[in-house]
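Let me give you the structure first, and then I'll get to my questions.
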Amino acid sequence: MRISPVFITRSLIIASVYTAVTLMLGYISYGELQFRVSDAMIILPLIVGMGLDAVVGLTIGGLLGNLASPFIPWDWVFGPLANLVASTIVYLVGRTRLNTYVKLAVSSILASLAIAVIVGYELTVIYGLPGLTILYIFISELVIIGVIGGLVYRSLRVFFK
């Protein structure tokens, strides 16, 4: 696969926006009751025409967005990993023949679950936070990816037909 300048540019723009939103919103982006609004962008690989460049951008953004995390250095490993797994799941669901709204629902649930398990593992096992942290993260991610991400999806898909 040849990596084009458009692929690189799109990936870097996505990474920049993800990082900026995460850092700008500060402490609501980190912790047990995180509400990482930038994760609404996890839905971008669902848009035909975005795909793998969104996966790369979201993974890089996950790393850069965690530069200010209070859970360093492990957030530099688990954050990008969570974004990579979640956005890859969204990408794969987007390539199925399911109805658009089913794709959106399934990818939102699976991506939220992936992030909850990965980040929840980090916070409960490594940092000793309560086990309910995984549930809190799942609920917050479901709202962000499913609701806010759904609005992002509906807004952007008209530009990528």
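Would you mind telling me which numbered condition in (1) under 20 Å from L129 (Cβ atoms); (2) assigned to a helix (DSSP H, G or I) F71 fails?
(2)
Where in region 75-161 are there helices (runs of 4 or more DSSP H), lying fully within it, with 3 or more residues that are closer than 22 Å to L63 by Cα and either among the small types (G, A, S) or in contact with a Leu (Cβ under 8 Å, 6 or more places away or on another chain) (or both)?
Numbers: elements: 75-94, 100-121, 133-141, 149-156.
So the answer is 75-94, 100-121, 133-141.
Related question: Could you check how many residues of region 65-97 are more than 19 Å from I28 (Cα to Cα) and among the hydrophobic types (A, V, I, L, M, F, W, C)? Step through it out loud before you land on a result.
At the first step, the residues of region 65-97 found to be more than 19 Å from I28 (Cα to Cα) are 77, 81, 84-97.
The next check asks that each one be among the hydrophobic types (A, V, I, L, M, F, W, C); those that pass are 77, 81, 84-86, 89-90, 92-93.
So the count comes out to 9.
So, one more: So which residues in region 40-53 are part of a helix (DSSP H, G or I) and either in contact with an Asp or Glu (Cβ under 6 Å, 6 or more places away or on another chain) or surrounded by fewer than 24 Cβ atoms within 10 Å (Cβ to Cβ) (or both)?
Step one: filter region 40-53 for residues part of a helix (DSSP H, G or I), giving 40-46, 52-53.
Across region 40-53, the qualifying residues are A40, L52, D53.
Would you say Y153 is open to solvent by 30 Å² or more (accessible area, probe 1.4 Å), of a type outside the set (D, E) and either more than 30 Å from V6 (Cβ to Cβ) or within 17 Å of the chain's Cα centre (by Cα) (or both)?
It is false that Y153 is open to solvent by 30 Å² or more (accessible area, probe 1.4 Å), of a type outside the set (D, E) and either more than 30 Å from V6 (Cβ to Cβ) or within 17 Å of the chain's Cα centre (by Cα) (or both).
When region 106-125 is examined, which residues are found to be surrounded by fewer than 22 Cβ atoms within 10 Å (Cβ to Cβ) and modelled with pLDDT under 95?
Y121, E122, T124, V125
Let me ask you something else. Does any residue in region 26-53 that is in contact (Cβ under 8 Å) with a residue 24 or more places away in the chain come within less than 6 Å, Cβ to Cβ, of a residue that is among the aliphatic types (A, V, I, L, M) and not in a helix (DSSP H, G or I) six or more places away or on a different chain, and which pairs are these?
E32/L129; V37/L25; L44/M50
The values are calculated or read from the model by the stated rules, or taken from the named source; none is laboratory data. From a predicted model like this one, the values you see are computed outputs, not experimental measurements. Heads up, the Cβs are rebuilt from the backbone with ideal geometry, glycines too, and the neighbour counts pull from every protein chain shown. Each accessible area value is taken on the protein alone, full model and side chains, heavy atoms only, with ligands, DNA and RNA left out. Shrake-Rupley method; radii C 1.70, N 1.55, O 1.52, S 1.80 Å.
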